[in-house]
Structure formats: structure tokens, C-alpha cells
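Since every read-out is calculated from the coordinates, none of them should be taken as a lab result. Just so it is clear, the structure is predicted and the values come from calculations on it, not from any experiment. Reconstructed Cβ throughout: ideal geometry from the backbone, glycine too, with neighbour counts over all protein chains shown.
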Amino acid sequence: MAGGYLVPLALVGIVLASAAAGRVLRQLLRISLLLTLPIAVSVVLVSVLTRPGETVLMVLGPFDVTVEGVDFAGQTLVRLFAISTAIGLFTLTTDPRAFVFDLERRGLSPRFAFVAAATIEAVPAMVARAGVIAAAQRSRGLDTEGSLRARLRGVLPLVGPVLLSSLTEVEERSLALEVRGFGRPGRRHLLWWPPDRPIERLARWLLIIALAGLVIVRLLGAWPPIP
Amino acid sequence: MLELRGATYRYAGYAQPVLHDVDLVLRDGEIVGLVGGNESGKSTICLVASGLAPISIGGELRGEVRIDGEPTAGLAVHELAQRVVIGFQNPATQRSGVAATVFEEVALGPMNLGLPVAETLARARRALATLRIEHLADRDPARLSGGQGQLVAIASLLAMGPRHVLLDEPTAQLDPAGSNLVAAALRDLAATGAALLVVEHKTDLLDGLCDRVAVVDGGRVVLDGPATTTLEDPRLEGWGVEPPARVRLARALAARGLPGLAQLGWPA
């Protein structure tokens with residue numbers, strides 16, 4: 001059983017230590033817990049209550065809570081947390097523009113690079129737009145503070161305007177991009193891309209080797225899946 | 001010179017054309033104002049002149065659009081964009097959303113054209129200098145005032161190197177201060193020899209800015225002449241265009257038998 005926890009916990013440890021070094025630990029924990037919690041609840045409920053096993057810990061109505069079910073839930077949760085912290089660390093410490101420009105420098109199509117960058121930037125842009133719409137609605141008497149119910153009642157009327165205003169701008173935005181040469185095929189000469197330091201190159205190669213090794217180990221059956 | 005000759009355009013999915021046999025000429029160094037009531041076809045003329053209609057938005061165009069004597073049919077949008085560009089009324093929709101600074105935003109167009117880095121930088125600097133907004137170069141494009149944002153949008157178009165700039169209601173979403181900022185910048189731009197077509201409802205702005213004004217009604221150009229006389233034409237209001245304040249004031253004074261503006265020493 002411990003074997004199923006060791007590697008994910010070690011990975012979580014590495015990620016959290018990296019987050020602490022990058023001074024984003026608190027944000028990372030918040031984001032990861034928010035991301036993992038909804039899935040964790042369903043995993044725990046399904047695994048603990050329905051997974052068959054030999055050792056019954058307790059009986060809850062028609063369900064048997066078994067040691068095997070708890071163990072499975074635990075291993076799954078640790079793995080989920082490892083994934084969410086790793087993704088969270090990437091998003092918190094990587095400048096999206098630097099990421100996309102670097103991909104383009106390495107051969108990614110400029111159009112795809114633009115779409116990726118624009119998608120990343122779209123979320124804060126929509127949040128800002130929602131803030132403006134919320135302020136306008138509040139000035140007209142909409143209550144967006146108070147209890148959870150009051151806040152939900154206040155937020156729901158904003159969803160339509162935020163989405164609709166984003167959609168209606170799409171045509172003009174796409175025409176404006178076309179006029180600025182977006183549709184031209186071929187590569188472009190970037191003004192800037194992030195520096196590629198030797199230690200980052202080494203870390204990249206080590207990660208690629210580790211990933212290849214993991215795949216091989218798994219294919220050879222030397223590391224069994226969760227039972 | 002940009003010319004529309006007999007341009008008749010129908011939007012995709014529409015049964016009837018929106019533009020009928022439009023003839024319009026935009027000469028180098030000229031500022032032409034385009035006025036008309038709502039849904040008269042002003043924006044469509046800009047879309048046709050820029051080539052976006054029908055290349056990007058579809059539809060059917062009869063007649064011709066020529067730039068410096070050559071027809072634009074068959075050219076791709078990015079090829080046309082180095083000769084004629086179009087700006088829209090909302091500065092926010094003209095932002096790429098991927099530039100961290102105004103300089104990067106303005107340089108995006110030349111970069112998309114595949115130009116060498118030195119040329120891209122030179123064009124961006126020139127565009128900012130033309131509109132006198134070099135001081136905005138390091139600013140976040142998303143955090144500018146309306147007027148500043150519109151100037152950055154225009155600079156982004158200028159960096160493409162066009163000789164013809166079409167602006168569809170560039171001050172529609174701006175306050176008076178922002179409108180004045182844009183108007184002053186357009187004067188500076190015209191002084192460089194670029195040809196400007198400015199669609200506006202604000203005839204006061206066009207009055208002090210344009211060499212010529214054309215009036216559009218029902219998809220046709222119904223009047224095209226020197227700005228001063230065109231904006232004094234008594235038929236303007238019938239076409240859904242409010243004359244400039246000086247014209248309305250002069251008419252009000254005349255209606256009451258009072259001395260005209262010239263007699264009062266009002267500058268021409």
C-alpha cells in the first residue's frame with residue numbers, strides 16, 4: 001500500500017518546495033485545493049462506499065466501507081493533488097507570453113501561438129469586463145455582496161452580458177487582426193523570446209528522460225497500477 | 001489614390017445590395033469626411049474600400065476598387081493592408097490582447113508581415129512618433145484612456161505602412177477630450193501625406209479637419225464636395241446629418257434677423 005503513495009507524495013513534496021522557493025506556495029495550495037476538492041469529494045464517496053474489499057471498517061446503511069476502498073481513495077487523492085499542484089505551479093510561475101513566444105521560436109505556427117496566447121489572456125480580460133459590468137449593475141441597484149445566495153443572485157444576471165459582449169466583439173476583433181497581417185502565412189521574426197539558460201536546458205532533458213523511463217517501466221510492468 | 005468605381009455591394013445572406021453604384025476618390029494627402037444617417041452605408045463603404053468586403057466577410061461586390069490605378073481584386077487582406085487599413089470605433093476590439101506594452105502592440109502588424117526585426121522596430125517607432133504618443137510606448141495597452149487607446153489602434157495600423165487610412169467613427173466612444181486628441185493626431189497624420197477617410201457623425205469635428213466631405217444616403221453618395229460648402233448644404237438634415245454648430249448658429253441668427261457670424265467677427 002505504501003508504494004502507491006511514495007512517488008506521488010515525493011512529487012508533491014518537490015512541487016511544494018519549488019513553490020516555496022518561488023514564493024507562490026500559499027497561492028498554489030489555494031488553487032490546488034480548489035481544483036481538487038470537487039473531484040476529491042466524488043472520488044471519496046464512490047471509492048469508499050462502493051469499492052469491494054475483504055476488510056470492512058464500518059457499515060453505512062447498504063454500503064460497506066472497506067480498507068481497500070479507503071486505500072484506493074487515498075492513493076487517487078494523492079495522485080490528483082500531485083497533478084493539480086504540478087499544473088498549478090506551471091501556471092503560477094510561467095509567463096504565458098514567454099511560453100507562447102518560446103513555442104513559436106521552436107517552430108509552432110504563429111497563428112497557433114497567437115490563439116494560445118489570446119486564450120490565456122482572455123480569462124483576465126473577461127474577469128476585467130465582468131468587473132466593469134458588475135460595477136455598472138451595482139450602480140443600478142444590483143446587490144452582489146452578502147450571503148452566498150445573495151451573491152449568486154447578483155452574479156447570475158452578469159453572465160449573459162459578459163458572454164454576449166464577448167461574442168459580439170468577435171467579428172470586429174477578427175477583422176482588426178486581419179488588417180494587421182494576421183492571415184499572412186509563413187514565419188515571423190520575433191522581437192523577443194525568453195532566454196534559455198543551461199540549467200533550464202538540463203532540467204528539460206532530465207524531465208524528458210524521466211518521462212521516457214516512466215513509460216518504459218510501466219510498459220514492462222515493473223510498476224503496477226493501483227489495484 | 002484609392003478609388004471606388006461603381007461599387008455595388010450586397011452582404012452575404014442579404015437579398016438587396018447595401019451600396020449602389022458608389023463612386024468615391026481618396027487622393028494622397030487628402031482628408032475626406034463621410035457622413036450620413038444611421039444604416040446609410042458609411043461603414044460598408046469603408047469595408048469595401050479596405051477590401052475586407054468581400055474578401056473576409058463575404059458578400060458580392062460589383063464594380064471596382066483601385067489603389068494607385070491597380071484593381072485590388074485578387075489581393076489577400078494582408079497584402080492590401082500594406083496599402084489601405086481600416087480602424088473601427090471601439091479601441092478595445094482593436095487590441096490584439098497579447099501585447100504587454102504599447103510598443104509591442106504597434107509592432108505586432110509589421111511582425112506579422114514577416115519583416116526583419118530592424119524594420120519592425122523602425123516602423124513601430126515611426127508610427128508612435130507620427131501620432132506623438134512615444135510617451136505611451138511602455139504602457140499596458142489595456143490600461144489606457146479611450147482616446148489613448150484609439151491613438152494606439154491608429155498607430156498599430158500606421159505601422160503596416162499604408163498610404164490610405166479609413167477610420168470608421170474613431171471618436172464614437174470617446175469623450176470630448178479624447179475626440180480632440182484623435183482629431184489633432186489625424187491632422188498630423190494627414191500632414192505626412194497619408195490619405196484619410198473619416199466616417200463620423202460629429203460634423204463639428206469634420207468641419208475643422210476635412211478637405212472634402214461626402215454624404216451617403218440609402219447606399220449612394222448623394223453629395224461630394226469641399227467640406228465648407230457640403231456641411232452648409234440645406235439638405236443635410238433630410239439625409240440624417242446634423243450640420244456643424246457654426247451652421248446651425250448662423251441659421252438661427254439669420255432666422256431671427258440678427259447679424260451673421262462673419263459680421264460678428266467669428267473666425268472662418
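General remarks:
- Approximate spin-label separation B:Ala252-A:Leu103, in nm, with each point projected 7 Å along Cα-to-Cβ: 5.9 nm
- Residues of region A:98-112 with amide N under 13 Å of a point placed 7 Å along Cα→Cβ from A:Asp196: A:101-108
- Between B:Pro17, B:Gly257, B:Gln150, the Cα set farthest toward the positive side of the dipole of chain B (charges on each charged residue's Cβ, about the Cα centre) is that of B:Gly257.
- Here the average projected area of the convex hull drawn through the C-alpha atoms of chain B stands at 14.9 nm².
- Taken about its Cα centre, region A:3-94 carries a charge dipole of roughly 540 debye when the Cβ of each Lys and Arg holds +1 and the Cβ of each Asp and Glu holds -1.
- FRET efficiency for A:Ser174 and A:Val217, using Cβ-Cβ distance with R0 set to 56 Å, rounded to 0.05: 0.75
- Sites B:Glu242 and A:Arg149, calculated FRET efficiency, Cβ-Cβ separation with R0 41 Å, nearest 0.05: 0.25
- R0 of 41 Å, Cβ-Cβ distance A:Leu33-A:His189: FRET efficiency to nearest 0.05: 0.40
- Per-residue mean of foreign Cβ neighbours for B:109-118 is 5 (Cβ atoms of other chains, 10 Å radius).
- Normalised by the number of residues in region B:1-150, the mean separation of alpha-carbon contacts (under 8 Å, six or more apart) gives a relative contact order of 20 percent.
- Dipole moment magnitude, nearest 20 debye, region B:167-266 about Cα centre, only Lys, Arg, Asp, Glu C-beta charged: 360 debye
- Point-to-point label distance, B:Ala191-A:Ile209, nm (Cα→Cβ direction, 7 Å offset): 6.4 nm
- The slack in the chain from A:Ala86 to A:Glu54, taken as 0.36 nm per residue of separation less the alpha-carbon distance, amounts to 8.1 nm.
- Only Cα pairs under 8 Å and 6+ residues apart enter the sum, and on that basis the relative contact order of region B:151-200 stands at 55 percent.
- DSSP finds beta bridges in the protein assembly as shown, and of those with both partners inside it, around 55 percent are antiparallel.
- Two-site label geometry, B:Asp140 and B:Glu119: point separation in nm, points 7 Å out along Cα→Cβ: 3.4 nm
- Percent RCO, i.e. relative contact order, over chain B, from Cα pairs under 8 Å lying at least 6 residues apart: 25 percent
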